[in-house]
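Here's the structure we're looking at; comments come further down.
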Amino acid sequence: MRLTKLGHSCVRLEKNGRTLVIDPGGLTPQPDALHGAEAVLITHEHFDHLDPDRLHAAAADPDLTVHTCPGAARHLTGLGDRLHVVRNGDTFTTAGFTITAAGEHHQHNLPDTPPTDNVGFLIDNEVFHPGDAWTTTDAPTVLPALQAPWATAADLVAYLRRPGVRRAYPVHDGLLNTDGLAVYDRILAGEAQRRGADIRRLHPGQSVDL
């Protein structure tokens with residue numbers, strides 16, 4: 001399986017000539033992010049993860065399917081029966097990948113706003129994209145948020161130090177400038193050295209084979 005980091009929280013996964021994409025939202029500038037994708041997974045409805053116009057345009061491909069939580073699905077009703085609502089614990093197969101949904105809610109953000117729906121995706125029991133939450137699974141490869149209004153560096157480090165994590169490529173970095181990215185890169189390098197694990201930020205367009 002090949003994983004490619006795109007803008008912000010978006011990644012492409014490719015296996016045996018088939019492709020799925022996770023969270024091609026408004027902070028994903030690559031115009032070809034969905035090129036060749038058979039399936040799109042959306043963790044939640046926030047603009048940096050979900051771009052309804054992009055998905056409706058991509059739906060010109062009659063084989064494209066979208067899988068997401070109830071909160072995000074309400075923005076995508078125009079996709080008809082190609083839209084699939086998934087919830088915590090659901091398992092399904094799409095684009096040649098076996099996927100389990102994990103989690104229910106976005107990490108709490110504002111004190112007077114209830115959390116939105118958020119579902120993470122465990123792909124082939126290998127890689128887990130939690131969306132905007134600290135949901136945990138037994139995946140050896142994780143894609144947690146590098147930085148967010150609801151997260152601290154201590155939260156990230158605690159997530160990376162969980163038993164069983166062998167590789168981590170944090171995403172959700174679109175709000176950081178070069179100075180901020182450099183700070184987090186040093187944190188990740190320290191954790192990689194401490195754990196003897198592959199822990200690093202992938203640059204847009206960079207790929208790893210899992």
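The values are calculated or read from the model by the stated rules, or taken from the named source; none is laboratory data. Here the structure is a predicted model, which means the values were calculated and not measured. All Cβ positions, glycine included, derive from the backbone under ideal geometry; neighbour counts span all protein chains shown.
Residues are listed down the side, and each one gets a yes or a no for (1) at pLDDT below 95; (2) under 30 Å from Thr152 (Cα atoms); (3) hydrophobic (A, V, I, L, M, F, W, C); (4) under 18 Å from the mean Cα position of the chain (by Cα):
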{"position": "Thr68", "(1), (2), (3), (4)": "no, yes, no, yes"}
{"position": "Gly78", "(1), (2), (3), (4)": "yes, no, no, no"}
{"position": "Val85", "(1), (2), (3), (4)": "no, no, yes, yes"}
{"position": "Gly89", "(1), (2), (3), (4)": "no, yes, no, yes"}
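Looking only at residues in segment 97-116 that are touching a Lys or Arg at 6+ places or on another chain (Cβ under 9 Å) and surrounded by 21 or more Cβ atoms within 10 Å (Cβ to Cβ), the one that is nearest to Glu45 (Cα to Cα) is Ala101. Only residues that are among the charged types (D, E, K, R) and under 21 Å from Phe47 (Cα atoms) were counted in segment 160-190, giving 1. Against the test of being under 23 Å from Arg12 (Cβ atoms) and free of Cβ contacts under 8 Å to residues at least 24 places away in the same chain, the options Asp185, Asp173 yield a single qualifying residue, Asp185. Of the residues making up segment 28-45, those that are crowded, with 20+ Cβ neighbours inside 10 Å and either out of contact with any helix residue (DSSP H, G or I) (no Cβ under 7 Å at 6 or more places or on another chain) or farther than 18 Å from Asp124 by Cα (or both) number 9. Hey, among the residues in segment 117-147 that are outside any loop (DSSP other than H, G, I, E, B) and of a type in the set (Gly, Ala, Ser), which one's farthest from Cys10 (Cα to Cα)? If we take residues in segment 117-147 being outside any loop (DSSP other than H, G, I, E, B) and of a type in the set (Gly, Ala, Ser), then Gly120 is farthest from Cys10 (Cα to Cα). Checking Gly17, Gly36, Gly78 one by one, the residue that is more than 22 Å from Ala133 (Cα to Cα) and touching an Asp or Glu at 6+ places or on another chain (Cβ under 9 Å) is Gly36 and no other. Every condition in (1) of a type in the set (Gly, Ala, Ser); (2) touching a residue at least 24 places away in the same chain (Cβ under 8 Å); (3) surrounded by fewer than 22 Cβ atoms within 10 Å (Cβ to Cβ); (4) closer than 22 Å to Gly205 by Cα is met by Gly131 except one, and the failing one is (3).
What about Thr28, is it within 26 Å of Trp150 (Cα to Cα), touching a Ser or Thr at 6+ places or on another chain (Cβ under 9 Å) and modelled with pLDDT of 95 or more? Yes, satisfied.
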